[in-house]
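The values are calculated or read from the model by the stated rules, or taken from the named source; none is laboratory data. Nothing here was measured: the structure is a model prediction, and the numbers come from that model. Using ideal geometry, Cβ is built from the backbone for each residue, glycine included, and neighbour counts are taken over all protein chains shown. SASA here: full protein model, heavy atoms, side chains in, ligands and nucleic acids out. Shrake-Rupley method; radii C 1.70, N 1.55, O 1.52, S 1.80 Å.
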Amino acid sequence: MDDPLPTDLDIHIAHPARMYDYYLGGKDNYAADREAAEKSLAIAPELRLLARENRAFLQRAVRYLVNAGIRQFLDLGAGLPTQHNVHQVAQEIAPETRVVYVDNDPIVLVHARALLASRSEGETRVVQADVRDPEAIMAHPDVRAVIDFDEPLATMLVSVLQFVPDTDPEEIVGPLRAAMVPGSHLVISHPTQDLRPDKVLGVAQTYTQAKAPAVPRTKAEIEAMFGDFEILEPGIVQTSLWRPDGPVTADLDLVWMYGAVGRKP
């Protein structure tokens, strides 16, 4: 039986996950999402490029981590499924990899369940929860059924922490870091006002009409999110520059998002 439409889905308020889907050319969005996204695109047409480069960063980070031996991923603020999601990238290399997606948008739950109807050897689940409550996420039975916190894991916070302006990021990332054993990794991408601040702050203003207003942060603020984790080479860099597969073709003047991977010593 198909999943019913969630009763708590409000299609009249723009949601960042569906706006992101629109930037990527997806169809899982509504009029409010498209209207808000177009206002942002009017200020910064490069948002489509940013979304693609951010997605590519996520995929490269997952490949790196699986090749480094990581076999479980906790993807927070996962957003709507597109192509080459975390479990698909990881399980192409190591089919036994386990993945849990977490998002607070109920429509993500519906689409993710449809995507996961056909599973490979590795376990993959989706949980509807709020990233602002990391303890509840880590205690969730579906998370505990898949993720073994006594083993190294990768926690993904890819383009999500900017959407929690009412919460100190340390209140989210700190408990996650503390629960991870040595050898675990933390993956973060985040827009920054260090680059093109006029456009970045203008876009942030348009997000005030969305369900989750956006707040860009500085490189120093992003670095603090890693705590005592060792930030792997090449450090905190524009997403296009994090271990690219080949020559970088993106116009770096337009890539105002940092990405990095840290390892718990």
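Here are the numbers for this structure:
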quantity: Residue within the stretch 180-194 that is open to solvent by less than 50 Å² (accessible area, probe 1.4 Å), of a type outside the set (D, E, K, R), touching a strand residue (DSSP E or B) at 6+ places or on another chain (Cβ under 6 Å) and free of Cβ contacts under 8 Å to residues at least 60 places away in the same chain present; calculated: no
quantity: Residue that is nearest to Trp256 (Cα to Cα) [pool: residues in the stretch 10-42 that are basic (Lys, Arg), open to solvent by 10 Å² or more (accessible area, probe 1.4 Å) and in a helix (DSSP H, G or I)]; calculated: Lys39
quantity: Candidate set from the stretch 108-129 (those that are more than 18 Å from Gln72 (Cα to Cα) and open to solvent by 50 Å² or more (accessible area, probe 1.4 Å)); member that is modelled with the highest pLDDT; calculated: Gln128
quantity: Residue in the stretch 184-193 that is more than 18 Å from the chain's Cα centre (by Cα) and either at pLDDT 95 or above or within 28 Å of Arg217 (Cα to Cα) (or both) present; calculated: yes
quantity: Tally, over the stretch 129-147, of residues that are in contact with a Ser or Thr (Cβ under 8 Å, 6 or more places away or on another chain) and among the small types (Gly, Ala, Ser); calculated: 0
quantity: Options Arg132, Arg144, Arg177: the member that is in a loop (DSSP other than H, G, I, E, B) and either modelled with pLDDT of 95 or more or not hydroxyl-bearing (Ser, Thr, Tyr) (or both); calculated: Arg132
quantity: Criterion (in contact (Cβ under 8 Å) with a residue 12 or more places away in the chain and open to solvent by 10 Å² or more (accessible area, probe 1.4 Å)) met by exactly one of Asp105, Asp150, Asp133; calculated: Asp150
quantity: Residues that are without any contact (Cβ under 8 Å) to a residue 60 or more places away in the chain and either open to solvent by 30 Å² or more (accessible area, probe 1.4 Å) or in contact with a Leu (Cβ under 6 Å, 6 or more places away or on another chain) (or both), drawn from the stretch 69-88; calculated: Pro81, Gln83, His84, Gln88
quantity: Residue match in the stretch 43-66 (condition: surrounded by fewer than 20 Cβ atoms within 10 Å (Cβ to Cβ), modelled with pLDDT of 95 or more and closer than 24 Å to Ala179 by Cβ); calculated: yes
quantity: Residue within the stretch 91-101 that is more than 13 Å from the chain's Cα centre (by Cα), at pLDDT 75 or above, of a type in the set (S, T, N, Q) and closer than 14 Å to Leu58 by Cβ present; calculated: no
